[in-house]
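Data block below; observations after.
The values are calculated or read from the model by the stated rules, or taken from the named source; none is laboratory data. Fair warning: this is a prediction, and the values are worked out from it, not measured in the lab. Because the Cβ atoms are built from the backbone with ideal geometry, glycine has one as well, and the counts that use them run over all protein chains shown.
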Amino acid sequence: MHLVRETMDETTLEKLKAAFAGESQANRKYLAFSRKAEREGFENVALLFRAVAEAETVHALNHFKLFGLGNTEDNLKSAMKGEHYEVKSMYPSFLEQAKEAGEKGAIRTFTYAVEAEKIHEKMYEDAIKNVEDGKDISIPGGKIAVCTICGHTVFGTPPDVCPVCNASKKAFQIFQGK
């Protein structure tokens, strides 16, 4: 997998990666700010945060296109590698530290994340096999459901109760394909 232009200056590449990370974090932060403003009754402030979050996404994707996009198979492999790292290294060490510190909230969110990441890794692994054979993946009903509490992800109809966080079916956001 070779995603970086061969002629790119190493310093420029590092700056692009840093800009991508910063813009990506700004997007997520502004979306969180938007949700909070909405709950507090500031609809137009929420709209402002959502619009600027989208602008930050434009910036992030422009940077990423220069160093991180491959073909679909390469992108799936990159995504699976990232999920694998989170499952095997990142979250286990984060959980260990949070447990030692007695940080219950962090333990909960890290546990939710690692459980969801295990599923994502498997989904990507299965998708790679299909794409290697020149086929798209099959998604029952063209729906993917994501638990808005913990991130648990399923193809098709969500379960009545999330197996990770015990949220009800109504906590799932549905992503509908074409």
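Quick notes on this one:
- All conditions in (1) closer than 30 Å to N130 by Cα; (2) assigned by TED's automatic domain parsing to the domain that holds I128; (3) of a type outside the set (F, W, Y) hold for T57, with the sole exception of (2).
- Of everything listed in (1) surrounded by 14 or more Cβ atoms within 10 Å (Cβ to Cβ); (2) at pLDDT 95 or above; (3) assigned to a loop (DSSP other than H, G, I, E, B), the single unmet condition for G41 is (1).
- Close pairs (6 angstrom Cβ cut-off, 6 or more residues apart or separate chains): at pLDDT 95 or above in segment 69-95, surrounded by fewer than 17 Cβ atoms within 10 Å (Cβ to Cβ) and of a type in the set (D, E) anywhere: M80/E125
- Sole exception among (1) in contact with a Gly (Cβ under 8 Å, 6 or more places away or on another chain); (2) farther than 21 Å from E73 by Cα; (3) at pLDDT 95 or above for G141, by number: (3)
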